[in-house]
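The values are calculated or read from the model by the stated rules, or taken from the named source; none is laboratory data. If you're wondering where the values come from, they're calculated on a predicted model, not measured in any experiment. Here the Cβ positions follow ideal geometry from the backbone for every residue, glycine too, while neighbour counts run over all protein chains shown. Just the protein is used for accessible areas: all its heavy atoms, side chains included, with ligands, DNA and RNA removed. Shrake-Rupley method; radii C 1.70, N 1.55, O 1.52, S 1.80 Å.
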Amino acid sequence: MSDKVKIGFVLLSNTQNAIPSTRIVVLNMLPYLRSAGFDPHVVFEPATSTKTPDVSGLAEKIKAGNFQVVVLQKVFGDSVLELARELKQAGIKTVFAICDFVNPAMCDATDATIVVTDYLKSLYPKEQQHKVSVVHDGVERPALHKTDWGTHTGSSAKPLNAVLVTSAALDRLPLLGRPPSWLKVTIVGRYSPSGARLRRWREHQWAMAAKSGLVERWRFLRFLADGRIACEAWGADSVYQAMQRADIGIIPIEVDPVRDPTGEWKVKSENRLTLKMAMGLPVVATPIPSYEPVVEQGINGFLARSTEEWLRHLSALRDPALRMSVGQQARQTALTRYSMDRQAEKLIAVLQGVVGRQPGAVASAEQARA
């Protein structure tokens, strides 16, 4: 009889078209789990990404498969809550992982909850704190990084290039509005490929139709016409290519309660920050709870609260020597604190605690993939 712990995963997205959350939290971790004595299986994956799937009937399949623990990856809702209760009655442990929002009901229904930042953990009720652990998003492709920070200082004729990676299709440059004359900004987001002109044109039409008033429409037209702002489609490889071409990383986040009444910016993970830092990019970012513990001001990055601070820090990074020193320190920080190896250790420790196993050595990335 195998002494491996059989673990099932209920996924947020399909493995054939996995969104970053599923890839980082589950798929990247599978080799580490196998090396640590777990036998992982995907027991549910939706056809399209959904946080509230219908998992009715899944409990019987899990019980028949003799699973010892089930990880619910960023899914919730009545059907998932019922699944957690059924599994608990059957003696099967459950873990709610990894969530970038606060859900006390799921925390209560499961044996452990994993969140991506210390700030998110602090938002759970005091009586649930003992059930909540922090596992950060691990750096996915550490071998890719900058080796040349250039010697130019930026001008209108030869601007520096800043990259902004987002999951949205931005129709304006947050906070800055327009880049200074010596800077070009590449936004990598949810856009159609540049070659798909008809799709791009339709996207622009839809965005324009959603604008209210002449002022908003005029701002959007200026955004589209600005030769120093380029919008590129996100791709698993192209996003890294865009970062390698860049001189500076930027993460401008609007914390205006009018533009963002939900305050979602408060619970964002540090993933977009560490993604750029691991590439060796010097980053200027809006201070949010997950970024503030990572950035050492002026050493491995910059936090900017006002437009004036943004322009001052960006201007400082026109110095090639500063770009290189901050970029190198940024990469060292990201690889030391947020490597996949280190996050795998944390995840495995949580799972071992849930099933009552003694912790063992966790393989390195190379060993796990061997």
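See the values below:
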item	result
Distance-filtered residues of segment 77-119 - backbone nitrogen under 19 Å, label point 7 angstrom along Ser56 Cα→Cβ	77-87
Segment 3-88 shape via C-alpha gyration tensor axes, a/c threshold 1.5	oblate
MRE, 222 nm, helices only [DSSP H, n ≥ 4, -39500 (n - 2.57), over the chain, to nearest 500]	-10500 deg cm²/dmol
Accessible carbon and sulfur surface of the chain relative to its total accessible area, %, 1.4 Å	52 percent
For segment 185-260: rounded, prolate or oblate by the Cα gyration tensor [a/c cutoff 1.5]	oblate
Distant-in-sequence amide H partners of Gly150 (H built 1.01 Å from N, under 5 Å)	none
Derived scalar couplings ³J(HN,Hα) [segment 109-117; Karplus, 6.51 cos²θ - 1.76 cosθ + 1.60; whole Hz; x for Gly, Pro]	7, 10, 7, 7, 10, 10, 10, 9, 9
Amide hydrogen neighbours beyond the local backbone of Val70, cut-off 5 Å, H modeled	Gly8, Lys93, Thr94, Val95
Two-site FRET efficiency, His41 against Lys63, from Cβ-Cβ distance with R₀ of 22 Å, rounded to 0.05	0.95
Inter-probe distance in nm under a simple model that places probes 7 Å from Cα toward Cβ, at Arg202 and Asn14	2.0 nm
Nearest-0.05 FRET efficiency for His130 and Glu216, computed from C-beta distance (R0 51 Å)	0.60
Antiparallel DSSP beta bridges within the chain, as percent of all bridges there, nearest 5	0 percent
In Hz, Karplus ³J(HN,Hα) per residue of segment 52-69 (6.51, -1.76, 1.60; θ = phi - 60°; x = Gly, Pro)	10, x, 8, 10, 4, x, 5, 4, 5, 5, 5, 5, 5, x, 6, 7, 9, 8
FRET E, pair Ser122, Leu224, Förster distance 41 Å, beta-carbon r, rounded to 0.05	0.50
Prolate/oblate/rounded call for the chain, Cα gyration tensor, a/c under 1.5 rounded	prolate
Segment 259-361, accessible area per residue, ligands and nucleic acids excluded (1.4 Å, Å²)	43 Å²
Spin-label zone in segment 70-96 - amide nitrogen under 12 Å from a point set 7 Å from the Cα of Lys346 along the C-beta vector	none
Relative contact order, percent, segment 58-139 [alpha-carbon distance under 8 Å, six or more residues apart]	24 percent
Loop-located chymotrypsin sites (Phe, Trp or Tyr not before Pro) in segment 287-351 whose Cβ has at most 14 other Cβ within 10 Å (DSSP)	none
Arg305 versus Thr336: modelled label distance in nm, points set 7 Å from Cα along the beta carbon direction	2.6 nm
Amide hydrogen neighbours beyond the local backbone of Asn161, cut-off 5 Å, H modeled	Lys184, Asp247, Ile248
Segment 122-276: relative contact order as a whole-number percent, Cα under 8 Å and 6+ apart	30 percent
Whole-Hz ³J(HN,Hα) from phi, Karplus 6.51 cos²θ - 1.76 cosθ + 1.60, for segment 234-251, glycine and proline x	5, x, 4, 9, 5, 5, 6, 5, 5, 5, 5, 6, 7, 9, 9, x, 10, 9
Heavy-atom accessible area per residue - segment 96-221, 1.4 Å, Å²	52 Å²
